[in-house]
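Below you'll find the structure, written out as C-alpha coordinates, and then a few comments.
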Amino acid sequence: MDRLTRQLSGLLAEIEAELRRLELWEGVSPAAQNLMSAQPFCYDTLEFPQWLQWLFLARMKALVDAGGPYPARSGIHAYAEEWAAHAAVESTHLLVLIKRVDALIEAPRPSAQA
(Lines give C-alpha, C1' and ligand atoms only; values in the text may rest on other atoms or scores of the structure.)
Protein backbone atom coordinates (compact mmCIF):
# COMPACT_ATOMS: atom_id res chain seq x y z
CA MET A 1 0.00 0.00 0.00
CA ASP A 2 1.56 3.30 -1.06
CA ARG A 3 1.69 6.44 1.09
CA LEU A 4 -1.24 8.18 -0.63
CA THR A 5 -3.45 5.11 -0.21
CA ARG A 6 -2.54 4.80 3.49
CA GLN A 7 -3.21 8.48 4.11
CA LEU A 8 -6.53 8.45 2.29
CA SER A 9 -7.61 5.29 4.08
CA GLY A 10 -6.89 6.92 7.43
CA LEU A 11 -8.72 10.13 6.54
CA LEU A 12 -11.76 8.25 5.29
CA ALA A 13 -11.90 6.31 8.56
CA GLU A 14 -11.63 9.58 10.49
CA ILE A 15 -14.45 11.14 8.48
CA GLU A 16 -16.66 8.12 9.18
CA ALA A 17 -15.84 8.31 12.89
CA GLU A 18 -16.63 12.03 12.95
CA LEU A 19 -19.96 11.51 11.17
CA ARG A 20 -20.79 8.89 13.79
CA ARG A 21 -19.70 11.17 16.65
CA LEU A 22 -21.92 13.93 15.28
CA GLU A 23 -24.77 11.42 14.97
CA LEU A 24 -24.98 12.06 11.23
CA TRP A 25 -24.20 8.44 10.24
CA GLU A 26 -27.26 6.63 8.93
CA GLY A 27 -28.01 2.94 9.20
CA VAL A 28 -30.35 2.85 6.21
CA SER A 29 -29.40 3.96 2.72
CA PRO A 30 -31.48 6.65 1.03
CA ALA A 31 -33.74 5.52 -1.80
CA ALA A 32 -31.82 4.43 -4.89
CA GLN A 33 -33.23 7.25 -7.03
CA ASN A 34 -31.90 9.79 -4.50
CA LEU A 35 -28.39 8.40 -4.95
CA MET A 36 -28.57 8.81 -8.73
CA SER A 37 -29.11 12.55 -8.96
CA ALA A 38 -27.27 14.27 -11.79
CA GLN A 39 -26.70 17.35 -9.62
CA PRO A 40 -23.31 17.90 -7.94
CA PHE A 41 -23.26 16.34 -4.47
CA CYS A 42 -26.85 15.18 -5.13
CA TYR A 43 -27.78 18.47 -3.51
CA ASP A 44 -31.33 18.15 -4.78
CA THR A 45 -31.95 14.72 -3.23
CA LEU A 46 -29.52 14.26 -0.31
CA GLU A 47 -28.23 16.21 2.65
CA PHE A 48 -24.47 16.73 2.54
CA PRO A 49 -23.71 14.14 5.27
CA GLN A 50 -25.77 11.58 3.34
CA TRP A 51 -23.80 12.28 0.16
CA LEU A 52 -20.58 12.06 2.14
CA GLN A 53 -21.51 8.70 3.65
CA TRP A 54 -23.32 6.94 0.84
CA LEU A 55 -21.45 8.20 -2.22
CA PHE A 56 -18.14 9.87 -1.43
CA LEU A 57 -16.91 7.54 1.31
CA ALA A 58 -18.21 4.46 -0.49
CA ARG A 59 -16.51 5.39 -3.78
CA MET A 60 -13.27 6.50 -2.17
CA LYS A 61 -13.07 3.33 -0.06
CA ALA A 62 -13.48 1.29 -3.25
CA LEU A 63 -10.61 3.24 -4.84
CA VAL A 64 -8.46 2.73 -1.75
CA ASP A 65 -9.19 -1.02 -1.83
CA ALA A 66 -8.17 -1.06 -5.50
CA GLY A 67 -5.08 1.08 -4.85
CA GLY A 68 -6.34 3.85 -7.15
CA PRO A 69 -6.38 5.48 -9.53
CA TYR A 70 -7.52 8.49 -7.55
CA PRO A 71 -9.19 11.57 -8.96
CA ALA A 72 -6.93 14.52 -9.76
CA ARG A 73 -9.37 16.96 -8.10
CA SER A 74 -11.65 16.81 -5.11
CA GLY A 75 -13.04 20.23 -4.27
CA ILE A 76 -15.61 19.14 -1.70
CA HIS A 77 -14.47 21.46 1.08
CA ALA A 78 -16.23 24.53 -0.34
CA TYR A 79 -19.56 22.69 -0.45
CA ALA A 80 -18.94 21.28 3.03
CA GLU A 81 -18.40 24.81 4.32
CA GLU A 82 -21.68 25.92 2.76
CA TRP A 83 -23.49 23.04 4.43
CA ALA A 84 -21.76 23.71 7.77
CA ALA A 85 -22.87 27.34 7.74
CA HIS A 86 -26.46 26.11 8.06
CA ALA A 87 -25.93 22.85 9.94
CA ALA A 88 -27.20 22.39 13.47
CA VAL A 89 -24.02 20.57 14.55
CA GLU A 90 -20.48 21.61 15.45
CA SER A 91 -18.74 20.54 12.27
CA THR A 92 -15.31 22.17 12.61
CA HIS A 93 -13.38 18.90 12.85
CA LEU A 94 -15.32 17.37 9.96
CA LEU A 95 -14.42 20.39 7.82
CA VAL A 96 -10.74 20.02 8.75
CA LEU A 97 -10.80 16.36 7.69
CA ILE A 98 -12.51 17.16 4.40
CA LYS A 99 -10.00 19.92 3.69
CA ARG A 100 -7.20 17.42 4.30
CA VAL A 101 -8.77 15.00 1.80
CA ASP A 102 -8.99 17.76 -0.81
CA ALA A 103 -5.36 18.74 -0.23
CA LEU A 104 -4.14 15.16 -0.38
CA ILE A 105 -6.01 14.34 -3.58
CA GLU A 106 -4.99 17.58 -5.28
CA ALA A 107 -1.33 17.45 -4.22
CA PRO A 108 1.14 16.95 -7.07
CA ARG A 109 2.03 13.30 -7.53
CA PRO A 110 5.24 11.91 -8.92
CA SER A 111 4.71 10.84 -12.49
CA ALA A 112 5.16 7.17 -13.31
CA GLN A 113 8.28 6.67 -15.37
CA ALA A 114 8.84 3.66 -17.59
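Annotations for the structure displayed:
- About the Cα centre, charge dipole magnitude for the chain (Lys/Arg +1, Asp/Glu -1 at Cβ), debye: 480
- Under 15 Å from a label point set 7 Å out along the Cα-to-Cβ vector of Glu82, the amide N atoms of region 27-48 belong to 38-48.
- Choice from Glu18, Glu81, Glu47 with maximal GNM fluctuation in the chain (Cα, 10 Å cutoff): Glu47
- Note on the chain: Cα-only Rg and Dmax are 14.5, 51 Å.
- Per residue, in Å², the accessible surface of the chain once ligands and nucleic acids are set aside, probe 1.4 Å: 61
- Estimated inter-spin distance, Tyr43 and Asp2, nm [label 7 Å along Cα→Cβ]: 3.2
- Percent carbon-and-sulfur accessible area, region 1-93, ignoring ligands, DNA and RNA, probe 1.4 Å: 53
- One chain, two ends: Ala107 and Arg73. Fully extended at 0.36 nm per residue, the span grows by 11.3 nm beyond their Cα-Cα distance.
- Most to least accessible of Arg73, Arg100, Arg59 (protein chains only, probe 1.4 Å): Arg73, Arg59, Arg100
- Fully extending the segment from Asp65 to Leu95, taken as 0.36 nm per residue of separation minus the present Cα-Cα distance, adds 8.4 nm.
The values are calculated or read from the model by the stated rules, or taken from the named source; none is laboratory data. All figures in this text were calculated on a predicted structure; none of them were measured in a lab. All Cβ positions, glycine included, derive from the backbone under ideal geometry; neighbour counts span all protein chains shown. Surface areas here come from the heavy atoms of the whole protein model, side chains and all, with no ligands, DNA or RNA. Shrake-Rupley method; radii C 1.70, N 1.55, O 1.52, S 1.80 Å.
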